[in-house]
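What follows is a single structure, written as structure tokens, with notes after it.
The values are calculated or read from the model by the stated rules, or taken from the named source; none is laboratory data. Quantities reported herein were computed from a predicted structural model and do not represent experimental measurements. Note that each Cβ is placed from the backbone with ideal geometry, even for glycine, and that neighbours are counted across all protein chains shown. These accessible areas exclude ligands, DNA and RNA; they are computed on the full protein's heavy atoms, side chains included. Shrake-Rupley method; radii C 1.70, N 1.55, O 1.52, S 1.80 Å.
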Amino acid sequence: MKLMQKFSLYLGLCLFAAGALAAAPGETPETAPAGVKLVDAKAVQDLQAKGATIVDTRKAAEYGEGSIKGAISVPYDPEKSAKDANFDASQDKFDMSKLADKNANIVVFCNSGSCWKSYKAAVVLAKNGYKNVNWYRNGYPDWKARKLPIE
């Protein structure tokens, strides 16, 4: 009987580990891409106070339902590329024309670590010569949970 209990426990742990590994690929990396700085809510507030452009990369409809106060809508949409750090940006659309100053501080965000839009936007900006790109990985849900200014 003890052997059967040990086997059941082992099998359960294996299934749990497999499930955890299967869920991991949906999340964005926990580190910022090359040329981009990972920031938290406090840093976003500080950057915004210094005049940074806060960019909501979610769909326009999501922006319309609420966003960080003062953020502009620049949707990373449509997002057809793989949800992967090695995505093919040519499959997607991100209109950088609203972000003319490549030396300005820019903060991109979306809907937390499972949302790839801001990660991809940060990569595209950095690869296109934007020098001060910041990625707020925790995004709008974190901002709202902290009861920070929204509109």
For V124, indicate whether it is touching a residue at least 60 places away in the same chain (Cβ under 8 Å) and β-branched (V, I, T).
no
How many of the residues in region 88-99 are in a loop (DSSP other than H, G, I, E, B) and open to solvent by less than 90 Å² (accessible area, probe 1.4 Å)?
4
Only one of S81, S90 that is under 16 Å from the mean Cα position of the chain (by Cα) and of a type in the set (S, T, N, Q):
S81
Where the second residue is among the hydrophobic types (A, V, I, L, M, F, W, C) and surrounded by fewer than 16 Cβ atoms within 10 Å (Cβ to Cβ) and the first is modelled with pLDDT of 95 or more and lies in region 101-114, which pairs have Cβ atoms under 9 Å and are six or more apart or on separate chains?
V107/A43
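Does Y130 meet the test of being within 17 Å of G35 (Cβ to Cβ) and in a loop (DSSP other than H, G, I, E, B)?
Numbers: within 17 Å of G35 (Cβ to Cβ): yes; in a loop (DSSP other than H, G, I, E, B): yes.
Against the criterion (within 17 Å of G35 (Cβ to Cβ) and in a loop (DSSP other than H, G, I, E, B)), Y130 qualifies.
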Open to solvent by 60 Å² or more (accessible area, probe 1.4 Å) and either over 21 Å from T28 (Cα atoms) or not in a loop (DSSP other than H, G, I, E, B) (or both): is that true of D142 in this structure?
no
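When you look at A104, is it closer than 11 Å to V36 by Cα and in contact with a Gly (Cβ under 9 Å, 6 or more places away or on another chain), yes or no?
No, not satisfied.
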Expected output for region 70-82 (first residue surrounded by 12 or more Cβ atoms within 10 Å (Cβ to Cβ), partner of a type in the set (S, T, N, Q) and at pLDDT 95 or above, Cβ below 6 Å, 6+ apart or cross-chain) is Y76/T57; S81/Q91
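I'd like to know if region 37-57 contains one or more residues that are of a type outside the set (S, T, Y), part of a strand (DSSP E or B), open to solvent by 70 Å² or more (accessible area, probe 1.4 Å) and at pLDDT 95 or above.
Checked against the condition, which is being of a type outside the set (S, T, Y), part of a strand (DSSP E or B), open to solvent by 70 Å² or more (accessible area, probe 1.4 Å) and at pLDDT 95 or above, region 37-57 yields at least one hit.
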